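I have placed the structure first, in the form of structure tokens, so that the comments after it can refer back to it.
The values are calculated or read from the model by the stated rules, or taken from the named source; none is laboratory data. As the structure is a computational prediction, the values presented were derived from the model and not from experiment. Methodologically, a virtual Cβ is constructed for each residue, glycine included, from the backbone with ideal geometry; neighbour enumeration extends over all protein chains shown. The accessibility values were calculated without ligands, DNA or RNA, using every heavy atom of the protein model including side chains. Shrake-Rupley method; radii C 1.70, N 1.55, O 1.52, S 1.80 Å.
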Amino acid sequence: MRTTIFLQNLKIHCNWYEILIVEDNQQLSNDIAEYLKDQKFSVEQVFTFSDANEKIVMYEYDMVILDLGLPDGTGMDLLEVVKKYRPEMAVIILTATHALEYKLQGLNLGADDYLTKPFHMAELNARIRTILRRKMNTNDHFIKTGSLEIDLNAATVKCKGQLLSLTRKEYDMLLYFVQNKNRLLTKESIAEYLWGDHADQADNFDFVYNHIKNLRRKITEAGGKNQLRSVYGMGYKYETNE
Amino acid sequence: MRKRKYSILTKVGIFYLLFTLLSFLVTAIILHSEATKHMDNILEERLKQREHWVKILIERRPERVNKKDYATVKPVATIPKAFKPVYKDTVLLHHETGRKEVHRKRINYVTVKDQHYRIEVIKSATELYRFKDDVYEIILPVFIVLALVIILINYLLSGYLFAPFKYILRQMASFNLTRKQAFRQRTTSTTEFYHLQQLFEAMQKRIVNDYEQLKSYTENMSHELQTPLTIMQNKAEHLLSDETLSQQQAEKIKIIYDEVMQLSRLGSLLNLITKIGNEEFTDVKKVYTKPILEQHIQSISDFAANRYIEIKTTLSADHAFKIDTGLLDILIRNLLKNAVSYANSDSVIYIETTSSAFTISNEGPELEFDAATIFNRFTKGKNSKSLGLGLAIVKQICQISKLKISYQRTNGRHVFSIEEKTFD
């Protein structure tokens, strides 16, 4: 028991997660794989239902990213295979349709999350991390980065030991940045991550800027370093050399 | 004005009755004239006979001539030139029955033994008139009985004969693409209904087939489009991360990125419109709007606050729509989004529900287009970054959910109200 917990903690710290990507479009699959490898995940790719079926039955992955539309079968059937052989495996469904019935069906069948194409890699990454953390039931729920310490259970952030008073959105935004270190997050991606379907507001982008500004101010006021850098005025990057 | 509708059997019945009435009338007229001719002939014969008897009497027993009550004989000096016998009807007391009856009179001039006479003979014509009356008395009741029988048969048959027709109508009315129940044939020996049924079944199959094709087309379209869009979007994002780009290059990539996102939104919204139009949202039940409204207002309050827009609500817990839950969600989201997007900064959005009505209003500049087109697709102001589909979706959701949405401009505010359609 102790060994498992130790291994799990090790996995979280060292990002030893193995993720299976089931997506028939090779280009998209490669893009996802590239992004996730960059995030220190261990990744395998399959492009057909039958290959996916085989891999799921034979190997133990932490998570499968499942596209619903496969050339030789549907992702829903694959989800049932997962739940039968690997009930502990986390599943994120990728789909091109907004259809509510698929979403409900998928979540009822035990999928952990559901992403509609087109999605941002940063968002996929953030969701993967959230799910893995929840699934692994670890007692290590702190992320330390620079002068910041994020408590995931309490949803609080300390800067140099001082508790920051962040709004829920500011907290979510900071976490989104920290989960996607050194990556450009466009304003659109941030807005979509934070406000979901409400995001396509015509003028939500100076709004994102306002939130960033507040977040920066709160961090620098507590003596922290501003690591949120604007890129070409199109998005922001959380810069760190960790 | 709507024209009154009659069942086909009633119409046929009325035409049949009119035709019968006409033929009865013609028959009656012909019968009547034939009978008159016949009776006239008989009377003429009788009167001639009587005249003949009178002539014989004048010859042989002149003293008894005027004792006959059916004849009046008067000797005259001359006979009017070219005289023809004259017939006249008069009312007289009948010598046997003592009642006043119609009699026919024949006036003629004869010459017996070089003496001219004016002879007037009469004969009762009652029978003739009675016979004429009888023609109508028989025909009228027969016509009335026939009419009643036609109406009764009409009434009874419409149930029996038209049962298959009504069955087909019910099948047509209950036909729903999304439920996909097969057409159940009903045996009928009426050719027209049989053909109608065949035709409807074939049509239904064709519609279902077309619908399936359209549906799979939109689904494929959506799927096949979204995957490349995801790739394009992520490639653009990836390129933007490259900090060796010049500002100009970055801006161009940003334009590609924006357009890709716009395209993907467009695709999924058009897909949504198709799905709504195809009535794929069928989980219709009574949904209370208050909790859903509150949840959406909460989600959008950040955006509103950013532009100093206040959302004031008066929500009734009783207000409900009979609608698919998913559709109500889209409906409310779009209306709120619309209100926040087009509200003036530092203004108030009012949302009010009563037990029967829903109103949302925002203060905003005049429309740049005709208010009547506000719910049309791609209608938007010149500087709007939106696709112009939000209100079109709202309208479509209202239409298929039997809700009535209206737009008004009052006191510088854009007011949208929704109420349940009432059918009279």
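Counting only residues 5 or more places away or on other chains, whose amide H sits under 5 Å from the amide H of residue A:70 once H atoms are built in the peptide plane?
Amide H to amide H, under 5 Å and 5 or more residues apart or across chains, residue A:70 pairs with A:75.
For region B:122-253, treating each Cα as an identical point scatterer without solvent, what Debye log10 I(q)/I(0) comes out at q = 0.11, 0.14, 0.21 1/Å?
Those come out to -0.74, -0.87, -1.17, one per q.
If you take every residue apart from residue A:131 with its C-beta less than 9 Å away from the C-beta of residue A:131, what net charge results, scoring Lys and Arg +1 and Asp and Glu -1?
Cβ neighbours under 9 Å give a net charge of +3.
Using protein heavy atoms only (no ligands, DNA or RNA), what is the total accessible area buried between A and B, 1.4 Å probe, nearest 100 Å²?
That pair hides around 3900 Å² of surface in total.
Using protein chains only and a probe of 1.4 angstrom, how many square angstrom of residue A:59 are accessible, to the nearest 10?
Spelled out: residue A:59, probe radius 1.4 Å, area about 110 Å².
How compact is the protein assembly as shown by the rule of thumb for globular proteins, expressed as Cα Rg over 2.2 N^0.38 Å?
Rounded to two decimals, the normalised Rg is 1.87.
Which cross-chain or sequence-distant (5 or more) residues have an amide H under 5 Å from the amide H of residue B:279, H modelled 1.01 Å from N in plane?
Correct list: empty.
For region B:164-288, what is the number of Lys pairs with C-alpha distance below 17 angstrom, counting only pairs 8 or more positions apart or on separate chains?
Value for region B:164-288: 7.
List for region B:253-273: residues with 30 Å² or greater reduction in accessible area, all protein chains versus chain alone, probe 1.4 Å?
Going by heavy-atom accessible area, the residues of region B:253-273 that drop by at least 30 Å² are B:254, B:257, B:261, B:265, B:268.
Using the crude model of +1 on Lys and Arg Cβ and -1 on Asp and Glu Cβ, and no other charge, please compute the dipole size for the protein assembly as shown relative to its Cα centre, in debye to 20.
4780
I'd like the mean, over residues of B:232-245, of how many other protein chain beta carbons sit within 10 Å of each residue's own Cβ.
Counting other chains' Cβ atoms within 10 Å and averaging over B:232-245 gives 5.
Once phi is turned into θ = phi - 60°, what whole-Hz ³J(HN,Hα) does the Karplus curve with 6.51, -1.76 and 1.60 give for every residue of region B:384-393, x standing for Gly and Pro?
With the stated coefficients, region B:384-393 comes to 6, 8, 6, 7, x, 10, x, 6, 5, 5 Hz.
For region A:19-152, divide the Cα radius of gyration by the Kirkwood radius and give the resulting Rg/Rh value with two decimals.
That ratio equals 0.97.
For residue A:45, what residues show an amide H to amide H distance below 5 Å, using hydrogens built from the backbone and excluding near sequence neighbours?
Under 5 Å from the amide H of residue A:45 lie the amide H atoms of A:21, each far enough along the sequence or on another chain.
Return the sequence-ordered ³J(HN,Hα) values of region B:270-283 in whole Hz as given by the Karplus equation 6.51 cos²θ - 1.76 cosθ + 1.60 applied to θ = phi - 60°, using x for Gly and Pro.
Taking θ as phi minus 60°, the curve returns 5, 4, 5, 4, 4, 5, 5, x, 7, 6, 8, 9, 10, 7 Hz for region B:270-283.
Shielding by partners for A:113-122, please: the mean number of other protein chain Cβ atoms within 10 Å of each residue's Cβ.
Partner Cβ neighbours, averaged per residue: 5.
Keeping all protein chains in place, calculate the accessible area per residue for region A:124-242 (probe 1.4 angstrom), answer in Å².
Averaged over the residues of region A:124-242, the accessible area is 42 Å².
Using all alpha carbons of region B:122-180, what is the percent of pairwise distances in each 10 Å bin, ordered from the shortest bin to the longest?
17, 20, 18, 14, 11, 9, 6, 3, 1, 0
Could you give the size of the charge dipole of region B:268-389 about its Cα centre, using +1 on the Cβ of each K and R and -1 on the Cβ of each D and E, expressed in debye and rounded to the nearest 20?
240
Take the solvent-accessible surface of the protein heavy atoms, probe 1.4 Å, and return the percent of it on the protein assembly as shown that carbon and sulfur atoms account for.
55
With θ taken as phi - 60° and the coefficients 6.51, -1.76 and 1.60, list the Karplus ³J(HN,Hα) couplings across region A:187-192 in order, rounded to whole Hz; mark glycine and proline as x.
4, 4, 5, 5, 4, 5
Report D for region B:1-107 in µm² per second (integer): Stokes-Einstein, Kirkwood Rh on Cα pairs, 4 °C, 1.567 mPa s.
68
Please give the average number of partner chain Cβ atoms lying within 10 Å of the Cβ of each residue in A:227-235, rounded to a whole number.
4
Give the lysines reachable from residue B:74 as a straight Cα distance under 28 Å; neighbours fewer than 8 places away on the same chain don't count.
Residue B:74 reaches B:48, B:55, B:84, B:88, B:100, B:105, B:113, B:123.
Taking only protein heavy atoms and a 1.4 Å probe, what accessible area per residue, in Å², does chain B have with all protein chains in place?
It amounts to 62 Å² per residue over chain B.
Net charge near residue B:200, counting Lys/Arg +1 and Asp/Glu -1 over other residues with Cβ under 12 Å of its Cβ?
+4
For region B:64-111, with the dipole built from +1 on Lys and Arg beta-carbon atoms and -1 on Asp and Glu ones, taken about the Cα centre, which of B:76, B:103, B:92 lies farthest toward the positive end?
B:76
Can you give the helix-only mean residue ellipticity at 222 nm for the protein assembly as shown, where every DSSP H stretch with n ≥ 4 adds -39500 (n - 2.57) and the sum goes over all residues, rounded to the nearest 500 deg cm²/dmol?
-17500 deg cm²/dmol
For region B:1-74 and region B:300-377, write down the distance between their C-alpha centroids in whole Å.
So the separation of the two Cα centres works out to 87 Å.
With N set to the residue count of chain B, report its C-alpha Rg divided by 2.2 N^0.38 Å to two decimal places.
2.16
For region B:200-310, take the convex hull of the Cα atoms, compute a quarter of its surface area, and give me that in nm², please.
Hull-based average projected area comes out at 11.7 nm².
All other residues with a Cβ under 15 Å from the Cβ of residue B:373 taken together, and with Lys, Arg as +1 and Asp, Glu as -1, what is their net charge?
+2
State which entries of A:40/A:213; B:290/B:322; B:322/B:380; B:290/B:380; A:158/A:218; A:144/A:218 exceed 20 angstrom in Cα-Cα distance in the structure shown.
In this structure, A:40/A:213; B:322/B:380; B:290/B:380 exceed 20 Å between Cα atoms.
With every protein chain in place, what's the accessible area of residue A:242 (1.4 Å probe, Å², nearest 10)?
Taking all protein chains as shown, residue A:242 has close to 110 Å².
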